[in-house]
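Input: a single structure, listed below in structure tokens.
The values are calculated or read from the model by the stated rules, or taken from the named source; none is laboratory data. Just so you know, these numbers come straight off a predicted model, no measurement behind them. All Cβ positions, even for glycine, are placed from backbone atoms using ideal geometry, and neighbour counts span all protein chains on display.
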Amino acid sequence: MKSTYYILVMALAIVPLKSYSDTLSGDTKLSCEALLCLSSSTRPSECNPALQRYFSIHAKKFSKTIQLRRQFLQLCPTGGASSNDKNFIDLRDNVLPTLDGDCSAASLNQKIETNFDDGFQMVRINPKLSSSCQALINHSYTNLKPHYTCSAEFYTSMEWKQGYKVVRGQKITINKNCWVD
């Protein structure tokens, strides 16, 4: 509830109250949208341009990528709301810039882990979160709560491609949507 309230307050702080004709545009608009979209478990299609812009920020060194992403997120005017809010500053300046990818359930279900066992390639949806996703999920101003629902069992690459495993003559469907919001 606290995070939903805070997101609403931030959204209202983004919109200048002095005039409805003042609207955000360009990177300023995308920066504000990225802050909201990255912190939320719902990702409407309106988030796509902001997230594409945010994740397109790359440099040769990851430390420079973090710096550029931090600068991008700081383009969003907060009307001074962030100056005293250490949790918001931490989210904007430390947690979000270090993300190594999208932390939504849909994205996590695309992260395949492979292993070799007795010469066979084994496959599963990775049950482990990256440290940056873990930091985002644990942050007080986000409402991301994905959880892993599969057994974390590895399957042979052939079983994975077929989408099922044969157990005692019966086909058991492999769940490839292990992460849910």
Would a scan of segment 145-165 turn up a residue that is in a strand (DSSP E or B), of a type in the set (A, V, I, L, M, F, W, C), outside the structural domain of D93 (by TED's automatic domain parsing) and over 30 Å from D85 (Cα atoms)?
no
Does D93 fit the bill of being closer than 29 Å to S40 by Cα, in a loop (DSSP other than H, G, I, E, B) and either touching a helix residue (DSSP H, G or I) at 6+ places or on another chain (Cβ under 9 Å) or at pLDDT 95 or above (or both)?
no
So, I125, is that one β-branched (V, I, T), in contact (Cβ under 8 Å) with a residue 40 or more places away in the chain, touching a strand residue (DSSP E or B) at 6+ places or on another chain (Cβ under 8 Å) and crowded, with 16+ Cβ neighbours inside 10 Å or not?
yes
Note on segment 40-73: residues more than 23 Å from D181 (Cβ to Cβ) and surrounded by fewer than 16 Cβ atoms within 10 Å (Cβ to Cβ) are S56, H58, A59, K60, K61, F62, S63, K64, Q67, L68, Q71
Here the qualifying pairs (Cβ atoms under 6 Å; residues six or more apart or on different chains; first in segment 41-54 and in a helix (DSSP H, G or I); second among the small types (G, A, S)) come out as A50/A34; Y54/A34
